[in-house]
Amino acid sequence: MPRTEELETSRIIEFQVPLPVDVDAFQVGHRYTVAEVSKQETGGGEGVEIVVNEPAEANLSAAKPEQKCQYTHKVIYLKTKVPAFIQVLAPSGSLEVHEKCWNAHPDIGTLYSNPYMKDAFFIKITTVNKPGNADIENVHNLTGQRLAKRELDKIDIVNDSIDPADYKEEYDPKKYDHGALNENWQESSPTMMTSYKLVQVKFKWFGLQTKVEDVIIRGIRRLLVNFFRQLYCTQHTWRSLTMSDIRALEVQVKTELDETRDEGEVQGMVEE
């Protein structure tokens, strides 16, 4: 995976997502939820194609040696999922994003690119999952201009507002039958971890850079809020699963995505 200092970036945002889950259990919950969300976002000719899902090695940062990881390469077909002004400007066939992910739990590196825009566009997300409630000041060890440039955004899966189009009662932590959370959950939860996600964004297109980068960052935040609410509210399903179960599920989901991607209507999140 390209190292942080090798990438010229316009925006750097660190999303901090506290969760009432332990880090070890999170590994299963995270991969389970990724698989489920992939299905929910696929249909009508858009969504996720899993190209590769295999064990590998990855250097997730300049400071870390090679780590064993699960490497995935996915293609995300967007078309109508992006705002209308992008649909109008984008050439035919250009609205697809390649996601390459190196999951070396508790560290994860993800790189998004677009074949049409080449070096003018990327999103890099470096994730560190640690015990505690967002209490590490600089978990990604940023220095100099990158540290000064970093924006912080702490996500609250219970109290943050939800787009009405995204709301599902079954994924509302305040109504979760197996452990509902109240508005003071961060003070009362006995187990806490935080997923620290350092997001670096570059979109170089004269006249559109700031507008599109804002859309990207807003979309990432929306996705993270929905994703982690769903992860928490499906614990009764994934808590008993093993990593062998997860790998079998991922194989099954790849088949399902290939069979359903071109069927029915567009599913999941759409950016207005």
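Which is farthest toward the positive dipole end of the chain among L208, G109, Y196, measuring Cα position about the Cα centre, with Cβ charges +1 (Lys, Arg) and -1 (Asp, Glu)? Of the listed residues, the answer is L208. Computed 3J(HN,Hα) for region 190-202, one whole-Hz value per residue from the Karplus formula 6.51 cos²θ - 1.76 cosθ + 1.60 where θ = phi - 60°, is x, 10, 9, 9, 9, 9, 9, 10, 8, 9, 10, 10, 9, glycine and proline marked x.
Of the residues W185, W102, W205, the one with the largest accessible area comes first in the ranking W205, W102, W185, computed with a 1.4 Å probe on protein heavy atoms. The residues of the chain expose on average 49 square angstrom of accessible surface per residue, using a 1.4 Å probe on protein heavy atoms.
Counting only protein heavy atoms and using a 1.4 Å probe, the accessible area of K64 comes to about 70 Å². This model, with +1 at the C-beta of Lys and Arg and -1 at the C-beta of Asp and Glu, gives the chain a dipole about its Cα centre of some 740 debye.
Simple spin-label estimate for D262 and W205 gives 2.7 nm between the two label positions (7 Å along the Cα-to-Cβ direction from each Cα). Applying a threshold of 27 Å to the alpha-carbon distances of K118/K211; K74/K175; K124/K174; K118/K149; K39/K168 flags K74/K175; K124/K174 as lying beyond it.
When only Cα pairs below 8 angstrom with a gap of at least 6 residues are kept, the chain shows a relative contact order of 34 percent. Bridging of K100 to aspartates and glutamates at a Cα separation below 15 Å is possible for E49, E54, E57, once same-chain residues fewer than 8 apart are set aside. Note on region 153-257: Cα convex hull, mean projected area over all directions, 9.5 nm². Sequentially through region 176-188, phi angles give Karplus couplings (6.51, -1.76, 1.60; θ = phi - 60°) of 6, 5, 9, x, 5, 10, 9, 5, 9, 4, 6, 8, 9 Hz, Gly and Pro residues having no value and appearing as x. Farthest toward the positive end of the dipole of the chain, out of V253, V75, G45, is the Cα of V75, where the dipole comes from beta carbon charges about the Cα centre. A probe of 1.4 angstrom, applied to the heavy atoms of all protein chains, finds F121 with accessible area near 20 square angstrom. What net charge is computed for the residues neighbouring K174, neighbours being all others with C-beta under 13 Å from the C-beta of K174, Lys and Arg scored +1, Asp and Glu -1? Combined, the nearby Lys, Arg, Asp and Glu give -4. Rolling a 1.4 Å probe over the protein heavy atoms of the chain, with every protein chain left in place, gives an accessible area that is 51 percent carbon and sulfur. With helices as the sole contributors, the chain gives -9000 deg cm²/dmol at 222 nm; each DSSP H run of n ≥ 4 counts as -39500 (n - 2.57), and the sum is divided by every residue. Simple point charges give the picture: +1 on the Cβ of Lys and Arg, -1 on the Cβ of Asp and Glu, and for region 140-272 a dipole about the Cα centre of about 900 debye. Solvent-accessible area of E169, all protein chains in place: 110 Å² (probe radius 1.4 Å, heavy atoms, ligands and nucleic acids excluded). Coupling constants for region 34-49 follow from the phi torsions by the Karplus curve (6.51 cos²θ - 1.76 cosθ + 1.60, θ = phi - 60°), and in residue order they are 4, 5, 5, 5, 4, 5, 5, 9, 10, x, x, x, 10, x, 10, 10 Hz; glycine and proline get x. The Stokes-Einstein estimate for the chain, based on a Kirkwood radius over Cα pairs and taken at 10 °C with 1.306 mPa s viscosity, is a diffusion coefficient of 82 µm²/s. Per the Debye calculation on region 216-272 with a single equal scatterer at every Cα and no solvent contribution, log₁₀ I(q)/I(0) for q = 0.13, 0.23 Å⁻¹ amounts to -0.53, -1.08. The candidates V51, V97, arranged from most to least accessible area with a 1.4 Å probe in the full protein assembly, appear as V51, V97.
Under a Gaussian network description of the chain, with springs only between Cα atoms under 10 Å, the residue in I217, I50, I136 that fluctuates furthest is I136.
Each residue, E169 and H73, gets one label point 7 Å from its Cα in the Cβ direction; the gap between the two is 4.4 nm.
The values are calculated or read from the model by the stated rules, or taken from the named source; none is laboratory data. These numbers were taken from a predicted model, which means no experiment stands behind them. Cβ coordinates were reconstructed from backbone atoms using ideal geometry, including for glycine residues, and neighbour counts include every protein chain displayed. For the accessible areas, the whole protein counts, side chains as well, though only heavy atoms, and no ligand, DNA or RNA atoms are used. Shrake-Rupley method; radii C 1.70, N 1.55, O 1.52, S 1.80 Å.
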